[in-house]
1. Among the residues of region B:1-10, write down those that are surrounded by fewer than 18 Cβ atoms within 10 Å (Cβ to Cβ) and in contact with a Lys or Arg (Cβ under 9 Å, 6 or more places away or on another chain).
2. Select from region C:69-117 the residues that are aliphatic (A, V, I, L, M), facing chain D (nearest Cβ under 7 Å) and away from ligand 8 (no atom under 15 Å from the Cβ) and list them in ascending order.
3. Any residue in region C:137-153 that's facing chain D (nearest Cβ under 8 Å): show its pairings with residues that are among the small types (Gly, Ala, Ser) and surrounded by fewer than 18 Cβ atoms within 10 Å (Cβ to Cβ) at Cβ separation under 6 Å, as long as the two are six or more apart or on different chains.
4. D:VAL57 is checked against (1) farther than 20 Å from C:SER91 by Cα; (2) out of contact with any Pro (no Cβ under 7 Å at 6 or more places or on another chain); (3) assigned to a helix (DSSP H, G or I) and fails just one. What number does that condition carry?
5. Quick one: which of C:VAL162, C:VAL128 is closer than 30 Å to D:TRP109 by Cα and β-branched (Val, Ile, Thr)?
6. Can you confirm whether region A:235-257 contains a residue that is small (Gly, Ala, Ser), farther than 18 Å from A:GLU71 by Cβ and modelled with pLDDT of 95 or more?
7. Starting from region A:180-191, take each residue that is under 11 Å from A:LEU160 (Cα atoms) and list its partners that are part of a loop (DSSP other than H, G, I, E, B), counting only C-beta distances under 6 angstrom and pairs at least six apart or across chains.
8. When both residues are 6+ apart or on different chains and their Cβ atoms are under 6 Å apart, which pairs have a first residue that lies in region D:28-56 and is within 14 Å of chain C (Cβ to nearest Cβ) and under 16 Å from D:TYR105 (Cβ atoms), and a second that is among the acidic types (Asp, Glu) and in a loop (DSSP other than H, G, I, E, B)?
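The values are calculated or read from the model by the stated rules, or taken from the named source; none is laboratory data. On a predicted model such as this, the values are computed, not experimentally measured, just so you know. Glycine also receives a Cβ, built like all others from the backbone with ideal geometry; neighbour counts cover every protein chain displayed.
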4 protein chains.
Amino acid sequence: SKYTYVRDFEREERLLPSTWLVVRIDGQGFTGFTSKHEFTKPNDIRALHLMNRAAKVVMESMVEIVLAYGESDEYSFVFSKKAKAYDRRASKLTTLLVSKFTAAYVFYWREFFPATPLQFPPAFDGRVVAYPSDRIMRDYLCWRQADCHINNMYNTCFWLLVNQGGLSQRDAEKRLNGTLSRDKHELLFSEFGVNYNNEQEIFKKGSVLVREQVPIDLVDKDGNSVQRQKMVVQIQHCDIIGDAFWREHPEILGEKA
Amino acid sequence: SKYTYVRDFEREERLLPSTWLVVRIDGQGFTGFTSKHEFTKPNDIRALHLMNRAAKVVMESMVEIVLAYGESDEYSFVFSKKAKAYDRRASKLTTLLVSKFTAAYVFYWREFFPATPLQFPPAFDGRVVAYPSDRIMRDYLCWRQADCHINNMYNTCFWLLVNQGGLSQRDAEKRLNGTLSRDKHELLFSEFGVNYNNEQEIFKKGSVLVREQVPIDLVDKDGNSVQRQKMVVQIQHCDIIGDAFWREHPEILGEKA
Amino acid sequence: SKYTYVRDFEREERLLPSTWLVVRIDGQGFTGFTSKHEFTKPNDIRALHLMNRAAKVVMESMVEIVLAYGESDEYSFVFSKKAKAYDRRASKLTTLLVSKFTAAYVFYWREFFPATPLQFPPAFDGRVVAYPSDRIMRDYLCWRQADCHINNMYNTCFWLLVNQGGLSQRDAEKRLNGTLSRDKHELLFSEFGVNYNNEQEIFKKGSVLVREQVPIDLVDKDGNSVQRQKMVVQIQHCDIIGDAFWREHPEILGEKA
Amino acid sequence: SKYTYVRDFEREERLLPSTWLVVRIDGQGFTGFTSKHEFTKPNDIRALHLMNRAAKVVMESMVEIVLAYGESDEYSFVFSKKAKAYDRRASKLTTLLVSKFTAAYVFYWREFFPATPLQFPPAFDGRVVAYPSDRIMRDYLCWRQADCHINNMYNTCFWLLVNQGGLSQRDAEKRLNGTLSRDKHELLFSEFGVNYNNEQEIFKKGSVLVREQVPIDLVDKDGNSVQRQKMVVQIQHCDIIGDAFWREHPEILGEKA
Ligand SMILES: Nc1nc2c(ncn2[C@H]2C[C@H](O)[C@@H](COP(=O)(O)OP(=O)(O)OP(=O)(O)O)O2)c(=O)[nH]1
Ligand SMILES: Nc1nc2c(ncn2[C@H]2C[C@H](O)[C@@H](COP(=O)(O)OP(=O)(O)OP(=O)(O)O)O2)c(=O)[nH]1
Ligand SMILES: Nc1nc2c(ncn2[C@H]2C[C@H](O)[C@@H](COP(=O)(O)OP(=O)(O)OP(=O)(O)O)O2)c(=O)[nH]1
Ligand SMILES: Nc1nc2c(ncn2[C@H]2C[C@H](O)[C@@H](COP(=O)(O)OP(=O)(O)OP(=O)(O)O)O2)c(=O)[nH]1
Ligand SMILES: O=P(O)(O)OP(=O)(O)OP(=O)(O)O
Ligand SMILES: O=P(O)(O)OP(=O)(O)OP(=O)(O)O
Ligand SMILES: O=P(O)(O)OP(=O)(O)OP(=O)(O)O
Ligand SMILES: O=P(O)(O)OP(=O)(O)OP(=O)(O)O
Ligand SMILES: [Mg+2]
Ligand SMILES: [Mg+2]
Ligand SMILES: [Mg+2]
Ligand SMILES: [Mg+2]
Ligand SMILES: [Mg+2]
Ligand SMILES: [Mg+2]
Ligand SMILES: [Mg+2]
Ligand SMILES: [Mg+2]
Ligand SMILES: [Mg+2]
Ligand SMILES: [Mg+2]
Ligand SMILES: [Mg+2]
Ligand SMILES: [Mg+2]
């Protein structure tokens, strides 16, 4: 038609081939959303499990995602260097991923918050970044996991000082100002008898989704029970900064097992 | 930290200032989604109202949207030429809008489909396009409304031929192949006694959301009832191709009323 | 061949259709270049004429340029909103234009500096900017012409203070610090008897290249002398901030004369 | 000033960090330029040396270029993965490089073509491509050197058939149509007694510029002659497809020697 010329104004950025693509999404205004829905502080385990559930939906629907990492109100999805989905068009990748995640988050809300009705629809932003080397992509994940660690240690101290220590939020903040990691360890132990190392791994490390072969039992056409391997998305709460994780999962970086 | 250098890899495209920004979203694989959820054919009024509900949520949360237009599984949102939201960053605008829309679609599903449980979370893609002039932005909307008209007329004929005319889908397709608009008008009238002009406006024209001043009744601090003006999002199913609509809404193009 | 996959890494930005495209080029390190080649201060008329000569070569080779504006070591070329050259690919437009300009600058150097051998090849950078409306494109040109005016007035004062007033460069700078336009007019007149308005237009206004119809005399095949119209690039040193220039050249903005 | 808002319309693409940046330039319309200036066919050694001279100027002025490769009317410049020049802004890199090259080409023309005046200024286009891995960057160079080889072998046959074989250009083309590399070797040898392997390396392999340490003799302040190392740009005509070259120049890929 005489109007189709308007399509010429569409600009599409295909992301550089042979680079790792990382889509990071983050809850919009979750400071307010978590308070309105009375999330427990500093970590609401129901909320984390809901985030993981939504991330699993995304990962199952986009097969080129090789790893996902979540903490707080954010999730990062790592696409294979070879990913070809949507011709690597930036807006397709980000909007579809954010949309799937959001839909699943609302869809499964009731399973994880049966006693807390969702009061209004939440939203997530999304962005995609290309990383040219394995090392830099791994450093990206280190950045997020270190962020998780630092925030969680701070928040653990903060809310203990407020809830058990009787400090005002302002005083708790002052008390923690300038403290190093070992000061916080010490504070937790000496003042609250808490050994930070014993905190739940999901709080300290965040959540790591990878694909793994698992054996499944099937019945073949002759009625015999047989075992097959199936790829399923598995959740872990392990360290991804060191080399051990990557040695155990050589397939993520595309090396032969 | 030593990892923050990874942020340097983020690239952000700020969209050209002083241009109309149009975000169009479109349901992913809605051919399957609508069939799975047994949408009525060719138009499911519940589905259209749900789309409009979700679009209203978006428009109420992003105040620089001056008009939205929806049809089928898609919606277009027109941001003012002067829009400054998120510094006009493309990925922020598209992902947040798509996320809000999707969340609202799932959130309100039950209101519009009380008897049809949502079987799996749907998803929408999104893109943003900059249009440099009023005329071209209007031509964009003409393109979408003409698309609505052409598809609706075709689908109306097609499903009458199949459901009432007893044709197979293949034969219905053949029958319509090569027909012009007036042939379809004629077919509808002579074979099924249907005057296309009497079809529902929402099917023929799609849905137009604009902001309008409406009077609201308030009680002031002295207990007197007073009237105030409030901006609310209104839904219409009117022609936006001709000049009349734009004359009636001079504020959209930024002209004084 | 097995290597051609490397072409997939090329990314090309086609500039938004229906926008004015302005390519601005600027001499690299001309502070040094002009001093090395002993340009007269503050303005070297030979240098300005050489810049204009090179700009003319560019404009004659790229027919979609509707106007060019030059001052100091820079030149701006305005492409029609409808320009289609090189599919509006940013890198083609900028590199070819910069290359043509540079080649012409070196090629014609001897004509304008017969007594000053070029000591080393100069270079120009280039960038392209899309402007969505006539008003904004005109404001771009205003920005450059205002820059010319301000710099020229400052430099005229500065070098008179130094060369005729016997001030050191540092003292001349101090003397001018904080002065307004009218202070400078006053200074020129009272201290050096110079009426700024009588300075050369090319210094005060820069150079404007436009295409104009000029009558040319030809001899037709029967040997009769006939007159024809021909489009040629003309140089002016006029104001392009006010409306007069644009009224006299309605064809630039695409209006009928 | 009130006009400076126009700078907000500038968009700048910083190229992805930690990737190889390759700027390729190519003569515009050199089919015509070479014919107008009567370049010898198929290869004009003066023209190749002039290209190399201009490339050397570029490489000496942009220190992050680690290698350059030229053939025919084109040159590719490889910037280190770590290059920071101009903040990796695409338009600065391409336009300045193209401008320097063009200026040098015109500037040095007379040295290489003393008997052939330059009739009009030539131009080169330029583009920049980011390559994420060493392998892909090397494949890029393989692509160009293979192109050189294929074209040169074809052109060598073609012009011998025309100039010595007495064929028309059309017949020479037909004769070569569908021939493989070894057919061409055979043709050269059996029909013209030419052993292709003995052709000049600069024709067969193109030109490779790298930086190398060379000893230079200096006189120190006490009048003693001393030897120092200096980095200079060296020209070679060697194979860069195989591994040998890269083993001999480990510093190019950033490995310790
Ligand atoms: N109580 C509670 N709050 C949480 C939990 N997870 C995340 N949050 C809150 C803490 C932060 O206020 C917020 C996440 O920080 P952000 O930097 O993403 O800020 P926010 O989402 O408010 O703003 P944004 O729109 O992302 O800029 O969510 C949780 O498990 N429990
Ligand atoms: N039955 C029914 N189907 C509808 C209605 N609205 C939209 N659809 C269907 C018709 C089309 O198959 C589909 C929309 O066409 P699209 O071109 O967007 O295709 P689809 O979403 O399948 O693929 P895509 O992922 O967008 O490329 O949705 C409705 O009201 N009733
Ligand atoms: N003497 C003299 N100098 C001039 C003339 N035209 C321009 N220049 C000098 C004055 C400035 O130092 C320089 C232009 O200023 P720019 O801001 O472009 O600086 P420059 O080219 O040095 O650095 P850049 O590489 O552009 O950042 O050229 C002239 O006619 N005579
Ligand atoms: N006689 C002669 N011609 C040469 C020599 N080197 C390059 N050429 C010519 C052969 C080709 O016609 C032309 C290079 O091919 P291109 O594909 O770059 O074509 P051209 O520059 O004409 O068009 P373009 O503007 O790059 O699309 O230059 C030479 O040493 N001797
Ligand atoms: O922490 P991020 O990644 O969300 O970064 P930010 O500082 O919040 O900035 P933005 O979301 O605006 O990119
Ligand atoms: O109809 P659209 O706009 O979705 O366009 P398309 O032809 O489906 O293409 P794509 O969604 O891949 O841009
Ligand atoms: O004056 P310009 O346009 O050259 O702008 P600048 O401040 O010199 O900056 P750059 O040349 O780095 O864009
Ligand atoms: O051979 P190239 O790289 O110049 O590629 P092309 O096919 O000539 O195309 P263009 O110069 O238009 O990118
Ligand atoms: Mg953020
Ligand atoms: Mg958040
Ligand atoms: Mg967050
Ligand atoms: Mg589509
Ligand atoms: Mg769809
Ligand atoms: Mg659709
Ligand atoms: Mg500059
Ligand atoms: Mg300069
Ligand atoms: Mg300048
Ligand atoms: Mg080319
Ligand atoms: Mg060429
Ligand atoms: Mg070439």
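1. Within region B:1-10, B:ASP8, B:GLU10 meet the criteria.
2. Of everything in region C:69-117, those that are aliphatic (A, V, I, L, M), facing chain D (nearest Cβ under 7 Å) and away from ligand 8 (no atom under 15 Å from the Cβ) turn out to be C:VAL98, C:ALA103, C:ALA104, C:VAL106.
3. The qualifying pairs are C:ALA146/D:SER1.
4. Result: D:VAL57 fails condition (2) only.
5. Details: C:VAL162 fails: closer than 30 Å to D:TRP109 by Cα.
Answer to the check: C:VAL128.
6. The answer is yes; a qualifying residue exists.
7. A:LEU188/A:VAL194
8. Pairs that qualify, where the first residue is within 14 Å of chain C (Cβ to nearest Cβ) and under 16 Å from D:TYR105 (Cβ atoms) and the partner is among the acidic types (Asp, Glu) and in a loop (DSSP other than H, G, I, E, B), are D:PHE30/D:ASP73.
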